[in-house]
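Contents: one structure, followed by commentary.
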Amino acid sequence: KKQVDILGVPVDMVSRSEAIEEIKKLIETPGLSSVFTPNPEMIMLAQEDEEFLSILKNADLVLPDGIGLLIASKIKGLGLTERVTGIDTMNSLLEYCGRESKTIYLLGGKPGVPDLACKNIENRFTGIKIGGFHDGYFTKDEESGIVNEINSINPDILFVCLGAPKQEKWISQYKHLLKCNLAMGVGGSVDIYAG
Ligand code: UDP
């Protein structure tokens, strides 16, 4: 896997289709794998937030959302020719989950929003299994209940939409407790699927 260092963040140099192939492999790998899609704002945030930087460094896959063009113009020949956005990747993954009858769990968004997003996802991606969802406005005390619910479902993919860096920190905090194959921080995607 080719990586390029962007201000200390190792970004994986993959095309959209390579990203999906990598993620499929991670789903089949034992233990929870994490995938993040930092945009330029997140890279800047990581400069002042050591914990966030370290989480990005330890991710299994880091996709360049929005910085692809910048990198490509700087480092020609490294093979990055297209922008790999979180939402494009999520779309392709949901298609894959539909084809393979995989189970997803959606965490995040305002109350009412993930429910609607899940309904739309179920209608659009035939075959997909919606294991469950929870809004992103919970207290610390409620977190163990959410983790237990996710674990009882044991989803193939957990999509976390809490905004950055909250979603990355949440995934990192519960990485060793969560029973699920892959967790991905996807920001405002829940709002997009809710329509
Ligand atoms: N969000 C949440 N809980 C929070 C903060 C944010 O569920 O405590 C949700 C918010 O409702 C939105 C999503 O996180 O659906 C992404 O927020 P934002 O657009 O700020 O993040 P970005 O996509 O820019 O990373």
Out of all the residues in segment 144-195, which are out of contact with any Cys (no Cβ under 7 Å at 6 or more places or on another chain) and β-branched (Val, Ile, Thr)? ILE146, VAL147, ILE153, VAL160, ILE171, ILE192
Set CYS118, CYS97: member being within 16 Å of the ligand (Cβ to nearest atom), hydrophobic (A, V, I, L, M, F, W, C) and at pLDDT 95 or above: CYS118
I'd like the full set of residues that are part of a helix (DSSP H, G or I) and closer than 14 Å to MET184 by Cβ, limited to segment 2-24. ALA19, ILE20, GLU22, ILE23, LYS24
Members of segment 25-57 found to be surrounded by 12 or more Cβ atoms within 10 Å (Cβ to Cβ), within 14 Å of the ligand (Cβ to nearest atom) and assigned to a helix (DSSP H, G or I), listed by number: PRO40, MET42, ILE43, MET44, LEU45, ALA46, PHE52, LEU56
Quick count over segment 103-126, residues being more than 19 Å from ASP156 (Cα to Cα) and buried (at least 24 other Cβ atoms within 10 Å of the Cβ), is 1
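Which ones in segment 124-170 are in a loop (DSSP other than H, G, I, E, B), away from the ligand (no atom under 16 Å from the Cβ) and touching a helix residue (DSSP H, G or I) at 6+ places or on another chain (Cβ under 6 Å)? Steps first, please.
Taking segment 124-170 as the starting set, the residues that turn out to be in a loop (DSSP other than H, G, I, E, B) are 125-128, 135-139, 154-156, 162-165.
Add one more test, that the residue is away from the ligand (no atom under 16 Å from the Cβ), and what stays is 125-128, 154-156.
Result: PHE125, THR126, GLY127, ILE128, ASP156.
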Flagged pairs (Cβ under 7 angstrom, 6 or more apart or on separate chains; first in segment 11-25, closer than 23 Å to ILE55 by Cβ and among the β-branched types (Val, Ile, Thr); second modelled with pLDDT of 90 or more and in a strand (DSSP E or B)) are VAL11/VAL62; ILE23/VAL35; ILE23/LEU61; ILE23/LEU182
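Identify, please: which residue in segment 171-195 is of a type in the set (S, T, N, Q) and touching a residue at least 24 places away in the same chain (Cβ under 8 Å) and is, among those, farthest from the ligand (Cβ to nearest atom)?
Keep residues of segment 171-195 that are of a type in the set (S, T, N, Q), which gives 172-173, 181, 189.
So of that shortlist, the ones also touching a residue at least 24 places away in the same chain (Cβ under 8 Å) come out as 172, 181, 189.
On the way: SER172: 16, ASN181: 22, SER189: 7 Å.
The qualifying residue farthest from the ligand (Cβ to nearest atom) is ASN181.
The values are calculated or read from the model by the stated rules, or taken from the named source; none is laboratory data. Remember, predicted model here, so these are calculated numbers, not experimental data. Glycine gets a Cβ as well: all are built from the backbone with ideal geometry, and neighbour counts include every protein chain shown.
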